[in-house]
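Trainee: Below is the structure I would like to discuss, written out as structure tokens.
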Amino acid sequence: MRWVIAALAMLPTQTVADTQYWNYGDWSVRVETVDTGEDLRVFCAASTGGDGLPALRIEVSNGDALPPHYYPAPVLHEFAPRGHTTMMQDGQRVLFEFDLDTVSEGFVQAGLDEDGIMQARASVHGGDNLWLLQNMRHAEMLWIKLDDEVVYGASLAGFTASYGKIAEQCGFSTIGVID
């Protein structure tokens, strides 16, 4: 009997996850709560786009530095079919432009993932995260451009509710963005 207990003790502990989804306008929220056996982690993501097109996402967890000390970065994610390249190339300058005639600059990081799939991520400079989120709250569209070409147009209908939901679920304040 002791060897059975010893064998069971050597098995890896299994994490238990619970995932919830909400939709707000053109945005969706995914919250995954994971009990690691040591602590309870909550992973929150608000996104728009996808289904073969780039997706604009904001991802945080309750273990991250969070507002008001650090604001999450909206990041444009693009994946290419195996053997193909992404529209966005590593090191390219990208502009995040609103219908309010406001613009912020960022850069693309691109490369192959562990499965050999080309992917690219475009984001603004870290110091512009709050500014970008504030403009997303008040604008109708966010245009992400390489040079003068639009790579992605993100509808911001539902952004405010989505941001509020990830703040509620991951435990951070909406002051500075919504309030």
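The values are calculated or read from the model by the stated rules, or taken from the named source; none is laboratory data. No experiment lies behind these values; they were computed from the predicted model shown. Don't worry about glycine lacking a Cβ; one is built from the backbone with ideal geometry, like all the others, and counts go over all protein chains shown.
Trainee: Are any residues in segment 53-63 without any contact (Cβ under 8 Å) to a residue 40 or more places away in the chain and surrounded by fewer than 14 Cβ atoms within 10 Å (Cβ to Cβ), and if so, which ones? Don't jump to the end; show me each part of the working.
Mentor: Quick first cut of segment 53-63, residues without any contact (Cβ under 8 Å) to a residue 40 or more places away in the chain only: 55, 57, 59, 63.
G63 - this is the single residue of segment 53-63 that is without any contact (Cβ under 8 Å) to a residue 40 or more places away in the chain and surrounded by fewer than 14 Cβ atoms within 10 Å (Cβ to Cβ).
Trainee: Going by the structure shown, is A80 farther than 18 Å from G153 by Cβ, out of contact with any strand residue (DSSP E or B) (no Cβ under 7 Å at 6 or more places or on another chain) and small (G, A, S)?
Mentor: Working: farther than 18 Å from G153 by Cβ: yes; out of contact with any strand residue (DSSP E or B) (no Cβ under 7 Å at 6 or more places or on another chain): no; small (G, A, S): yes.
It is false that A80 is farther than 18 Å from G153 by Cβ, out of contact with any strand residue (DSSP E or B) (no Cβ under 7 Å at 6 or more places or on another chain) and small (G, A, S).
Trainee: For segment 15-22, indicate whether the set of residues that are part of a loop (DSSP other than H, G, I, E, B), modelled with pLDDT of 90 or more and surrounded by 11 or more Cβ atoms within 10 Å (Cβ to Cβ) is non-empty.
Mentor: no
Yes or no, residue by residue, for (1) touching a strand residue (DSSP E or B) at 6+ places or on another chain (Cβ under 6 Å); (2) in contact (Cβ under 8 Å) with a residue 40 or more places away in the chain; (3) among the aliphatic types (A, V, I, L, M):
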| residue | (1), (2), (3) |
| --- | --- |
| D90 | yes, no, no |
| D115 | no, no, no |
| Q134 | no, yes, no |
| R137 | no, yes, no |
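Here's the yes/no breakdown for (1) modelled with pLDDT of 95 or more; (2) of a type in the set (A, V, I, L, M, F, W, C); (3) within 12 Å of the chain's Cα centre (by Cα):
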position: D51; (1), (2), (3): no, no, no
position: E59; (1), (2), (3): yes, no, yes
position: P67; (1), (2), (3): no, no, no
position: Y70; (1), (2), (3): no, no, no
position: M87; (1), (2), (3): no, yes, no
position: L100; (1), (2), (3): no, yes, no
position: V103; (1), (2), (3): no, yes, no
position: V108; (1), (2), (3): yes, yes, no
position: G111; (1), (2), (3): yes, no, no
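Trainee: So, one more: Among the numbered conditions (1) of a type outside the set (S, T, N, Q); (2) within 21 Å of Y163 (Cα to Cα); (3) touching a residue at least 40 places away in the same chain (Cβ under 8 Å), tell me where G50 comes up short.
Mentor: (3)
Trainee: How about segment 71-153: which strands (runs of 3 or more DSSP E) wholly inside it have at least 2 residues that are loosely packed, with under 15 Cβ neighbours inside 10 Å and in contact with a Leu (Cβ under 7 Å, 6 or more places away or on another chain)?
Mentor: 103-112
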